[in-house]
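Step one of this worksheet: look at the structure below.
The values are calculated or read from the model by the stated rules, or taken from the named source; none is laboratory data. Because the structure is a prediction, the values reported are computed rather than measured. Positions of Cβ are backbone-derived with ideal geometry, glycine not excepted, and every protein chain shown enters the neighbour counts. What goes into the accessible areas is simple: the full protein's heavy atoms, side chains included, and nothing from ligands, DNA or RNA. Shrake-Rupley method; radii C 1.70, N 1.55, O 1.52, S 1.80 Å.
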Amino acid sequence: MDFTPTDERRMLADTLGRYLATEYDFEARKRAMAAPDGFSRAAWAGMAELGVVGALFDEAAGGFGGAGFDVGTVFEALGRSIVVEPFLGTLLAGRLLAAGGADGELLASIIDGSTLATAALFEADGRYDAMRVAMRAERSGEDWVLTGTKAVVPMLEAADVVVVSARTGGQGAAEAGISLFAVRRGAPGVEVRGYGLIDGARGGELRLDGARLDASCLVGPEGGAAPLIEAALAAGVVALSYEALGAMGAARDATLDYLRTRVQFGAPIGKSQVLQHRMATVEIEIEQARSAAINAAASLDGDRHTRERAVSAAKYTIGRVGTLVAEEAIQMHGGIGMTWELPLSHYAKRIVMIDHQLGDEDYHLQRYIDLGQRGSPAITPQDLAS
């Protein structure tokens, strides 16, 4: 298979790279983090105008990309500049809405950047398993009433629309299916608690206390959302894998520059063979991580079992390699490596945070093993009940 980027993807990478280089330097990122929403509305609008959001979705959803390598192209560039704007939540929510046949105007407003969307799929007791859903949705006449809590929802405070997963149907986990609902900001019974994350971005806890939604808020088939969620999360893992590659590449480059310029005993410290060997190991491991990310991106539109094995392998590899790169970069810089003023510390924190988003390396290693032993081509009732 030829993994050479297409002309369109090269143009997208060049355009986004030039924009970030001129409009989104390290100081601009710090200002975005300090903004009331936790990101820059102007930068978000600018990147949406360039078509960056549209590249995350296929033509049927109103975009012009949507393939695994389109997602990877965008997120690798974002990772090199550790962008804090709400791309991950937008990707997840937009994919869920598109797969569920949501209104085209809503998708168009998400793609043009005028509507901010995010996805609330995880709960505190479920750890990293999006199929462990305790939130309930009960019918009340023509409406739905939702009760429960979602944890660590990306950019929740600023979101206009939150796509929420909830149990519908029977009372037991084995009988009740998972459904998706589009919850609007400010709806009665909706409570939001925001907080900062270690990488400078913001997350939040969504609490629904008898929130009443009309029938149009149901996204996709009632009780049939599990495959949609799994496919959206696979795209999210591909995005995070490539974002980590961008961040690891920037951390590597900064460390190489430091080794060439930091002088001790009359010579650059990069002359040390020990440090040279450690940097060679870092480079080899980053290339291993890139191979895993490429495999996941290539498998995104394949059969479910191949896709899920590939994305779990990629997420495990990214977590392992990311830890190595962050630790080596900081150790070779010394104490200055963790100061607020140096971008390296921000890259390290983002790499650590990526490991914990959508499942850490331990979770995905076990999942990869389970998928290999089970070899199931489809989601089973036991998956939903686990």
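Numbers for the structure displayed
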{"read-out": "Under Karplus coefficients 6.51, -1.76 and 1.60, residue-wise ³J(HN,Hα) of segment 3-10 in Hz, glycine/proline x", "value": "9, 5, x, 6, 4, 5, 6, 5"}
{"read-out": "For segment 360-374, 3J(HN,Hα) per residue [Karplus equation, 6.51 cos²θ - 1.76 cosθ + 1.60, θ = phi - 60°, Hz, x = Gly/Pro]", "value": "7, 5, 5, 4, 6, 5, 5, 5, 4, 5, 4, 5, x, 6, 7"}
{"read-out": "Set of lysines near K30 by C-alpha distance (under 18 Å), chain-local residues within fewer than 8 positions excluded", "value": "K349"}
{"read-out": "Local electrostatic count, S109, Cβ distance below 10 Å [Lys/Arg +1, Asp/Glu -1]", "value": "-4"}
{"read-out": "Long-range amide H partners of V183 with built H, under 5 Å", "value": "V162, V163, V164"}
{"read-out": "Dipole-positive endmost among Y195, A134, A158 within segment 118-223 (Cβ charges, Cα centre)", "value": "Y195"}
{"read-out": "FRET efficiency estimate (nearest 0.05) - Cβ-Cβ, L50 to Q264, R0 41 angstrom", "value": "0.40"}
{"read-out": "Relative pair counts by distance (%), Cα atoms of segment 227-375, 5 Å bins", "value": "2, 10, 19, 20, 16, 12, 9, 6, 4, 2, 1, 0, 0"}
{"read-out": "Loop sites in segment 1-76: chymotrypsin sites (Phe, Trp or Tyr not before Pro), DSSP, at most 16 other Cβ within 10 Å", "value": "F3, F64"}
{"read-out": "Ranked packing of 271-278, 283-290, 160-167, most packed first, by mean Cβ within 10 Å", "value": "160-167, 283-290, 271-278"}
{"read-out": "Rule-of-thumb Rg ratio for segment 118-223 [Cα; 2.2 N^0.38 Å; N residues]", "value": "1.02"}
{"read-out": "Charged-residue dipole, Cβ positions (Lys, Arg, Asp, Glu), segment 7-116 about Cα centre, Debye nearest 20", "value": "420"}
{"read-out": "Probe 1.4 Å, accessible area per residue of the chain, Å²", "value": "43"}
{"read-out": "Per principal axis, descending, Cα span of the chain in whole Å", "value": "80, 47, 40"}
{"read-out": "The chain, dipole about Cα centre (Lys/Arg Cβ +1, Asp/Glu Cβ -1), debye to the nearest 20", "value": "900"}
{"read-out": "Sulfur and carbon atoms: percent of accessible area, the chain [1.4 Å]", "value": "53"}
{"read-out": "Volume per residue of the C-alpha convex hull in segment 1-148, rounded to whole Å³", "value": "158"}
{"read-out": "Percent of Cα pairs exceeding the 24 Å cut-off, where the set is segment 218-311", "value": "45"}
{"read-out": "Positive minus negative residues near G62 (Lys, Arg vs Asp, Glu; Cβ under 13 Å)", "value": "-4"}
{"read-out": "Calculated FRET value between D209 and A42, using beta carbons and R₀ = 35 Å, to 0.05", "value": "0.50"}
{"read-out": "Ranking by accessible area, most exposed first, for R185, R309, R80 with a 1.4 Å probe", "value": "R185, R80, R309"}
{"read-out": "Segment 65-98-segment 242-311 distance, computed between alpha-carbon centres (Å)", "value": "20"}
{"read-out": "Amide H partners (placed H, <5 Å) of D360, local residues excluded", "value": "none"}
{"read-out": "Angle in degrees between helix 273-299 and the longest Cα principal axis of the chain, rounded to the nearest 10", "value": "30"}
{"read-out": "Sequence-distant residues sharing a close amide H with T115 (under 5 Å, placed H)", "value": "I110"}
{"read-out": "Sum of side-chain charges, A235 neighbourhood, beta-carbon under 14 Å (Lys, Arg +1; Asp, Glu -1)", "value": "-2"}
{"read-out": "By accessible area with a 1.4 Å probe, ligands and nucleic acids excluded, highest first: order of W340, W144", "value": "W340, W144"}
{"read-out": "Rounded FRET efficiency, nearest 0.05, which uses the C-beta distance separating S114 from T6 and R0 of 22 Å", "value": "0.15"}
{"read-out": "Solvent accessible area, Å² - H346, 1.4 Å probe, full protein context", "value": "10"}
{"read-out": "Among G337, L324, G302 - extreme Cα towards positive end, dipole of segment 269-353, charges at beta-carbon", "value": "G302"}
{"read-out": "Gain upon complete extension [A34, S272; 0.36 nm per residue less C-alpha separation]", "value": "81.7 nm"}
